[in-house]
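The values are calculated or read from the model by the stated rules, or taken from the named source; none is laboratory data. Keep in mind the model is a prediction, meaning the values are calculated, not measured. With ideal geometry, Cβ positions are generated from the backbone for all residues, glycine too; neighbour counts draw on all protein chains shown. The accessibility values were calculated without ligands, DNA or RNA, using every heavy atom of the protein model including side chains. Shrake-Rupley method; radii C 1.70, N 1.55, O 1.52, S 1.80 Å.
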Amino acid sequence: MKKSVVKEFLKELSKIFSENLILEEEELSVFGYDASSITGVPLAVVFPRSEEDVIEVMKLVQRFKVPVTCRGAGTSTTGSCVPQTKHLVISFSKMDRILEVNPEDRIAIVQPGVLNGTLKAYVKKFGLFYPPDPASYAYSTIGGNVATGAGGPKGLKYGTTKDYVLGLRVVFPGGKVFQTAPYTLKAAVCYNLTPIFVGSEGTLGVFTEIALKLLPLPEKRALFLIGLEDEFKGLEIISEVLLSGITPSSAEFVDKTSLKAVLNSRYGERVKKVFPSEKLEGLLFIEIDGIEEEVKKQFERLKDVLKVENRMLLVAEKEDEIEVLWEIRRTVSPAVRSLGKIKLSDDVVVRRSKMAEFLRWIREIEAESEIYICAFGHAGDGNFHINIMCEDDKLELAKEVRKRVLKKVIELRGTISGEHGIGYTKREFLNFELDPFQIEVMKKIKKIFDPEGLLNPGIKFSNGNIFQG
Ligand SMILES: Cc1cc2nc3c(=O)[nH]c(=O)nc-3n(C[C@H](O)[C@H](O)[C@H](O)COP(=O)(O)OP(=O)(O)OC[C@H]3O[C@@H](n4cnc5c(N)ncnc54)[C@H](O)[C@@H]3O)c2cc1C
């Protein structure tokens with residue numbers, strides 16, 4: 001962009017946003033990072049308060065051809081909210097209102113900057129429940145969750161963000177607004193476009209309003225925390241539980257390498273106190289929930305399936321005790337940092353029946369390369385968080401290992417991302433999974449909504465995100 005154009009753009013922007021605008025270089029850098037190692041510096045940051053504000057911004061974006069990156073809480077693990085060149089960043093931290101919660105309709109309508117945890121706590125007062133629960137739920141936004149297609153432990157029984165979005169209001173470059181569907185529980189008039197925007201990583205449009213389906217709050221929960229002397233046993237147990245007909249609300253797995261990191265963390269002592277065995281090799285969290293009677297029945301069945309008398313086991317039934325134990329699981333992602341300065345992070349999915357084969361293969365590669373490979377996560381739905389950890393001197397080897405891991409996932413007919421998306425850090429691997437025609441179709445869809453490629457360029461596709469056909 002020419003300097004004179006930039007100057008004129010910023011002048012026009014300042015007319016609309018006299019207050020909610022950042023132009024100072026030092027402050028701008030605060031909006032140039034996320035939870036990956038990718039960094040950038042925005043051209044400017046704006047903080048709209050309403051859809052009208054977003055429309056005005058998007059008119060300018062189109063007029064001056066300025067690339068734009070949306071930002072929720074900046075917890076993406078893939079660089080997807082990091083401006084690749086001098087983009088305008090739209091921060092949604094001031095569009096954080098819950099607009100409506102209707103217990104009869106069981107829906108919530110929110111602005112995109114509402115934190116997932118805030119929504120959960122608010123709807124609880126109405127006896128309602130918003131299930132998608134990324135480990136970052138306390139500090140990530142609904143807009144970011146929708147744009148990444150976020151999931152979490154409850155995905156096994158309740159599904160992920162995609163299963164809760166009834167419709168969205170989206171603004172495109174030029175300021176046109178589009179509502180993807182009426183906010184009803186059923187709708188069969190328009191093409192089913194809502195899912196196209198879920199997981200779109202800011203490349204298809206800017207969300208200004210999101211309607212979400214809610215469920216009744218489960219009356220009761222119970223958590224079984226199992227200590228594993230053989231990490232593979234954890235995967236076997238999950239299969240046995242599911243084959244018995246029980247669908248836990250969560251089945252989370254902490255593998256041998258990740259456990260090493262947890263034991264190094266501030267939760268290490270807590271784990272050692274609960275499971276003092278020297279042979280401890282992994283952890284398995286199984287939670288059940290539902291109406292009281294149903295949980296009682298499942299509880300007894302689960303005890304039989306788990307053969308509890310032979311296990312290292314802790315059972316929690318009180319809300320606060322359950323939450324304390326879940327903290328151990330939520331600490332895994334930050335804790336793995338103790339295993340290496342560099343973290344190459346993926347969230348792959350294979351079919352559940354292939355998980356043990358995949359983990360065995362990972363252990364062979366780990367031994368061969370002498371690089372830590374963590375494989376923890378939502379094992380109930382086949383979603384492993386693979387974190388390859390190393391120091392600077394092993395970076396090239398680690399990158400090779402990562403490629404091998406992703407290729408193995410494809411060989412097992414899985415996917416290279418279940419919930420974090422592609423962003424910047426995985427875009428070079430898109431063609432591991434998608435053939436040229438699939439990529440061409442994606443680019444053509446993008447071209448419909450964003451013909452000039454102004455929305456988050458550099459994200460999802462490495463060689464330009466517009467189809468040049
Ligand atoms: C410790 C930790 C644990 C995590 N655990 C999980 C987990 O269990 N499951 C999981 O799925 N993820 C997890 N994540 C990743 C991350 O929290 C999620 O991807 C989350 O959905 C990002 O939300 P955010 O508000 O931070 O969005 P950001 O990181 O700010 O943005 C993410 C994407 O959303 C786009 N976006 C944001 N707002 C809008 C909008 N209004 N319109 C259009 N696009 C928009 C951005 O452009 C970007 O592409 C974890 C991250 C951390 C740091």
Suppose the filter is more than 20 Å from VAL198 (Cα to Cα), touching a residue at least 24 places away in the same chain (Cβ under 8 Å) and buried (at least 18 other Cβ atoms within 10 Å of the Cβ); does PRO42 pass it? yes
Heads up, the strands (runs of 3 or more DSSP E) in the stretch 46-157 (entirely inside) with at least 2 residues that are out of contact with any His (no Cβ under 9 Å at 6 or more places or on another chain) and within 22 Å of LYS460 (Cα to Cα) are 68-71, 88-91
Which ones in the stretch 112-128 are within 10 Å of the ligand (Cβ to nearest atom) and either farther than 23 Å from THR203 by Cβ or open to solvent by 10 Å² or more (accessible area, probe 1.4 Å) (or both)? LEU115
Within the stretch 266-284, the count of residues that are open to solvent by 20 Å² or more (accessible area, probe 1.4 Å) and within 18 Å of LYS233 (Cα to Cα) comes to 5
Exception for VAL66 within (1) more than 18 Å from the chain's Cα centre (by Cα); (2) open to solvent by 10 Å² or more (accessible area, probe 1.4 Å) falls at (2)
Filter result (crowded, with 21+ Cβ neighbours inside 10 Å, of a type in the set (A, V, I, L, M, F, W, C) and more than 7 Å from the ligand (Cβ to nearest atom)) within the stretch 129-162: ILE142, VAL146, LEU156
GLU252 passes all but one of the listed conditions (1) in contact with a Pro (Cβ under 7 Å, 6 or more places away or on another chain); (2) more than 21 Å from GLY155 (Cβ to Cβ); the exception is number (2)
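Residues checked against (1) modelled with pLDDT of 95 or more; (2) outside any helix (DSSP H, G or I):
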{"site": "PRO248", "(1), (2)": "yes, yes"}
{"site": "LEU259", "(1), (2)": "yes, no"}
{"site": "VAL262", "(1), (2)": "yes, no"}
{"site": "ARG266", "(1), (2)": "no, yes"}
{"site": "ARG270", "(1), (2)": "no, no"}
{"site": "LYS273", "(1), (2)": "no, no"}
{"site": "SER277", "(1), (2)": "no, yes"}
{"site": "LEU283", "(1), (2)": "yes, yes"}
{"site": "ILE288", "(1), (2)": "yes, yes"}
Conditions: (1) surrounded by fewer than 24 Cβ atoms within 10 Å (Cβ to Cβ); (2) closer than 30 Å to LYS125 by Cβ; (3) within 12 Å of the ligand (Cβ to nearest atom). ARG49 meets all but one. Number of the miss? (3)
Kindly list, by first and then second residue, each pair from a residue in the stretch 60-79 that is over 17 Å from LYS94 (Cα atoms) to a residue that is open to solvent by less than 40 Å² (accessible area, probe 1.4 Å) and basic (Lys, Arg), limited to pairs with Cβ atoms under 7 Å and residues at least 6 apart or on different chains. THR78/LYS426
Total residues in the stretch 163-186, condition open to solvent by 30 Å² or more (accessible area, probe 1.4 Å), more than 26 Å from GLY152 (Cβ to Cβ) and aliphatic (A, V, I, L, M): 1
Tell me, yes or no, whether the stretch 439-457 has at least one residue that is among the polar types (S, T, N, Q), touching a residue at least 12 places away in the same chain (Cβ under 8 Å) and over 16 Å from HIS385 (Cβ atoms). yes
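Only one residue in THR203, THR208 is in a loop (DSSP other than H, G, I, E, B), within 16 Å of the ligand (Cβ to nearest atom) and touching a Pro at 6+ places or on another chain (Cβ under 9 Å), so which one is that?
The unique qualifying residue is THR203.
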Go through (1) exposed (fewer than 13 other Cβ atoms within 10 Å of the Cβ); (2) of a type outside the set (A, V, I, L, M, F, W, C); (3) closer than 15 Å to ARG71 by Cα and name the single condition GLU24 misses. (3)
